[in-house]
Each structure stands twice: as structure tokens, then as C-alpha cells.
Amino acid sequence: MKGPGLALGVDQDYIFQAQKEDGLKQGQVIVIGTDGLWEGCDKHGKCFRKDRLKDIIRENSPDRAENILHRVLQVHTDFTRGVKTEDDITLVIIKVD
């Protein structure tokens with residue numbers, strides 16, 4: 001996550017270098033996403049924002065990663081209802097066992 005290298009999919013010829021993160025704790029939630037999620041807006045032009053994403057993650061952190069993912073996407077869909085999506089949304093939730 002803090003190692004050298006390119007973002008996934010940027011260069012098909014790039015040779016991936018594995019990185020290892022020590023110190024992860026059981027129950028820790030790791031979130032990887034694109035800005036299309038937190039920059040999504042409601043019909044009044046108010047953005048979803050990273051703070052809202054963090055709050056949803058914290059509130060649902062006791063749950064399984066799959067359920068956290070579904071909850072974030074559900075809240076985002078409800079928030080942006082009626083507004084055309086302007087950017088892609090990618091979200092990965094990882095929960096340390």
C-alpha cells in the first residue's frame with residue numbers, strides 16, 4: 001500500500017512486486033477505492049465525501065467485509081439517487097482475520 005510501483009492496470013508490461021504489510025491486527029478493515037465514490041453528488045450538488053465513507057466503515061466494522069461493501073454501496077446509491085454517475089466507482093474492502 002505504501003510500496004513502490006504503479007497502480008493496477010496502468011501498464012500491462014509492468015512486473016508486479018509483492019509487498020508485505022506487518023502489524024495488521026485481527027478485525028482491521030482496509031479500504032481501497034476510487035474517487036468516483038466519495039466525489040459522487042446528490043441532486044443538490046453535495047458530495048458523498050470521504051468522511052461519510054469512513055463513518056460507514058466504522059459503523060459497520062464488526063461485520064464481514066462483503067456486508068460492509070454492500071452497506072457502503074447501498075448508502076451511496078441512496079445518496080446519489082436521481083443523479084447521473086459521472087465517474088467510475090471501484091471499491092475493495094478487506095478485513096483481516
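Checking I15 against (1) surrounded by 11 or more Cβ atoms within 10 Å (Cβ to Cβ); (2) out of contact with any helix residue (DSSP H, G or I) (no Cβ under 6 Å at 6 or more places or on another chain), which single condition isn't satisfied?
All conditions pass for I15, except number (1).
Which of the following residues is out of contact with any helix residue (DSSP H, G or I) (no Cβ under 6 Å at 6 or more places or on another chain) and of a type in the set (D, E): D88, D42, D55?
D55
Do we find a residue being of a type in the set (D, E, K, R) and not in a loop (DSSP other than H, G, I, E, B) anywhere in segment 39-50?
yes
Being surrounded by 13 or more Cβ atoms within 10 Å (Cβ to Cβ), among the basic types (K, R), at pLDDT 95 or above and closer than 15 Å to I93 by Cα is the requirement here; does R49 meet it?
no
Quick grid of which residues meet (1) farther than 21 Å from G27 by Cα; (2) under 14 Å from the mean Cα position of the chain (by Cα):
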position	(1), (2)
H44	yes, no
I56	no, yes
E66	no, yes
R71	no, yes
V75	yes, yes
R81	yes, no
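Being at pLDDT 80 or above, charged (D, E, K, R) and surrounded by 10 or more Cβ atoms within 10 Å (Cβ to Cβ) is the filter; apply it to segment 18-39 and report the residue that is nearest to L69 (Cα to Cα).
D35
Restricting attention to segment 68-97, which residues are part of a helix (DSSP H, G or I) and either touching a Cys at 6+ places or on another chain (Cβ under 9 Å) or surrounded by fewer than 13 Cβ atoms within 10 Å (Cβ to Cβ) (or both)?
Selection gives Q74, T77, D78, F79.
Would you be able to say whether some residue in segment 35-54 is touching a residue at least 60 places away in the same chain (Cβ under 8 Å) and in contact with a Ser or Thr (Cβ under 7 Å, 6 or more places away or on another chain)?
no
The values are calculated or read from the model by the stated rules, or taken from the named source; none is laboratory data. What you see is a predicted model; the values in this text were computed from it and never measured. No Cβ is skipped: glycine too gets one built from the backbone with ideal geometry, and neighbour counts run over all protein chains shown.
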